[in-house]
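The values are calculated or read from the model by the stated rules, or taken from the named source; none is laboratory data. Only a predicted model underlies this, so the values are computations on that prediction, with no experimental measurement involved. When we count neighbours, we look across all protein chains shown, and the Cβ atoms used for this are built from the backbone with ideal geometry, even at glycine. In case anyone asks, the SASA skips ligands and DNA or RNA and just uses the protein heavy atoms, side chains included. Shrake-Rupley method; radii C 1.70, N 1.55, O 1.52, S 1.80 Å.
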Amino acid sequence: MSNSDLERVAAAMVAKNKGILAADESNATCTKKFEKFGIESTEENRRAYRDLLFTTPDVAQWISGVILYDETIHQKTGAGVAFPDYLSALGIVPGIKVDTGAKALAHFAHETITEGLDGLRERLADYYKLGARFAKWRAVIDIGAGIPTRFAIEANAHALARYAALCQEQNIVPIVEPEVLMDGAHTIERCEEVTDAVLGEVFAQLQRHRIHLEGMVLKPNMVISGKKCPTQASPEQVAAATVRTLKRHVPSAVPGIAFLSGGQSPTEAALHLSLMNRVAALPWQLTFSYGRALQDAAIASWLGKAANVPAAQRQFHKWAHLNGLARSGAFQSGMEQQAA
């Protein structure tokens, strides 16, 4: 795949009115999610759940790509079609999570480094054969007393850039995900300060590693108050601070920015994205790469029961549609009730 092929896939991932479904929860994370609803986390239940999402009627109208997990990329629909093949036939780009998780950063209390670079070149080649055309790697930056340190930011940015280079070498579009967590009691101003530092370092490292910017997608956090902050910023403040921060650091060569929801409610995530898309003349597509914000209502409707699949698919379609509207700034608070 040439640079032009990478660009074509990246452009398809951030196509107008569409966004990316993050269905890449590890088995441990999926188990926690299932247990909340009394669903047993077996391999078949995990397959059946992903199957109901992917086979939702007309969802390709709003979903451009799906991030899969290692178990999921090897699984099939109820009709026996491999998930990557099924998605590709719908015009949805299959992707794969390739990091092995955030682990404690030695000598740096309460900070983490994402692992998974060992053997990544070979794993990417295997995933390409299975149908993956993009990948995802998540770095985790927490805000607290004395953190993040400069070193933690640099170490995680360096790992993201090494991962991105290996992806492009293997003809796979990298989603670069530096997530500044919204846990904690920090203000929106503190989040902006940290996000500034993180994005500045990430793009410096990407340039040093000769990343073809036109053939990647950025997946950042929104600039938002910490969940425990007594003063919560308004949706308008979140949108303004996020766009301002991105403009400082993200080159216009990057085709699109696909936000993570990061613990926001589905309505908050859609509204913030919609407000950002009302800003005139942005140099990149602003889209979504949501997990919980797209899935929460669906899993609550499904509860592991085959009889509930149509109701769960209606919920997934509804939130995919609402976020599709947010892509053009058309989502407004209250629409989620009207669409119920």
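The sole residue among A89, A109, A139 that is surrounded by fewer than 22 Cβ atoms within 10 Å (Cβ to Cβ), within 20 Å of E179 (Cα to Cα), out of contact with any Phe, Trp or Tyr (no Cβ under 7 Å at 6 or more places or on another chain) and modelled with pLDDT of 95 or more is A109. Considered as a group, the residues in the stretch 263-283 that are without any contact (Cβ under 8 Å) to a residue 60 or more places away in the chain and in a loop (DSSP other than H, G, I, E, B) include one that is farthest from R248 (Cα to Cα), and that residue is S265.
Restricting attention to the stretch 16-29, does a residue exist that is in a helix (DSSP H, G or I), touching a helix residue (DSSP H, G or I) at 6+ places or on another chain (Cβ under 6 Å) and buried (at least 22 other Cβ atoms within 10 Å of the Cβ)? So far as the stretch 16-29 goes, no, none of its residues is in a helix (DSSP H, G or I), touching a helix residue (DSSP H, G or I) at 6+ places or on another chain (Cβ under 6 Å) and buried (at least 22 other Cβ atoms within 10 Å of the Cβ). Checked against the criteria, P178 does not count as in contact (Cβ under 8 Å) with a residue 12 or more places away in the chain, of a type outside the set (K, R), open to solvent by 10 Å² or more (accessible area, probe 1.4 Å) and touching a strand residue (DSSP E or B) at 6+ places or on another chain (Cβ under 9 Å).
If you check L282, L271, L275 for being under 19 Å from V217 (Cα atoms) and either of a type in the set (A, V, I, L, M, F, W, C) or at pLDDT 95 or above (or both), only one passes: L282. If you check S328, S333 for being part of a loop (DSSP other than H, G, I, E, B), of a type in the set (S, T, Y), open to solvent by 50 Å² or more (accessible area, probe 1.4 Å) and under 20 Å from I224 (Cα atoms), only one passes: S333.
Just checking, does the stretch 55-66 include any residue being within 20 Å of R292 (Cβ to Cβ) and either without any contact (Cβ under 8 Å) to a residue 40 or more places away in the chain or more than 19 Å from the chain's Cα centre (by Cα) (or both)? Within the stretch 55-66 (the criterion being within 20 Å of R292 (Cβ to Cβ) and either without any contact (Cβ under 8 Å) to a residue 40 or more places away in the chain or more than 19 Å from the chain's Cα centre (by Cα) (or both)), the answer is yes, since at least one residue qualifies. Looking at this structure, is E214 in contact with an Asp or Glu (Cβ under 7 Å, 6 or more places away or on another chain), open to solvent by 10 Å² or more (accessible area, probe 1.4 Å) and outside any loop (DSSP other than H, G, I, E, B)? So E214 passes the test. Within the stretch 142-164, the set of residues being within 19 Å of H209 (Cβ to Cβ), open to solvent by 30 Å² or more (accessible area, probe 1.4 Å) and among the aliphatic types (A, V, I, L, M) is empty.
Out of the stretch 205-225, which residues are more than 17 Å from the chain's Cα centre (by Cα) and farther than 11 Å from G184 by Cα? Correct list: Q205, L206, Q207, R208, H209, R210, I211, H212, L213, E214. (1) out of contact with any helix residue (DSSP H, G or I) (no Cβ under 7 Å at 6 or more places or on another chain); (2) not in a strand (DSSP E or B): which one isn't true of T195, the others all being true? For T195, the failing item is (1). Would you confirm whether or not the stretch 226-240 contains a residue that is charged (D, E, K, R) and either in a loop (DSSP other than H, G, I, E, B) or under 15 Å from the mean Cα position of the chain (by Cα) (or both)? Taking every residue of the stretch 226-240 in turn, at least one turns out to be charged (D, E, K, R) and either in a loop (DSSP other than H, G, I, E, B) or under 15 Å from the mean Cα position of the chain (by Cα) (or both).
Conditions (1) part of a helix (DSSP H, G or I); (2) aromatic (F, W, Y); (3) in contact (Cβ under 8 Å) with a residue 12 or more places away in the chain, marked per residue:
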{"position": "I96", "(1), (2), (3)": "no, no, yes"}
{"position": "D99", "(1), (2), (3)": "no, no, yes"}
{"position": "A106", "(1), (2), (3)": "no, no, no"}
{"position": "G116", "(1), (2), (3)": "no, no, yes"}
{"position": "R123", "(1), (2), (3)": "yes, no, yes"}
{"position": "I153", "(1), (2), (3)": "yes, no, yes"}
{"position": "H158", "(1), (2), (3)": "yes, no, yes"}
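The set of residues in the stretch 286-324 being touching a residue at least 60 places away in the same chain (Cβ under 8 Å), aliphatic (A, V, I, L, M) and open to solvent by less than 50 Å² (accessible area, probe 1.4 Å) consists of L294, A298, I299, A300, V309, A312, A320.
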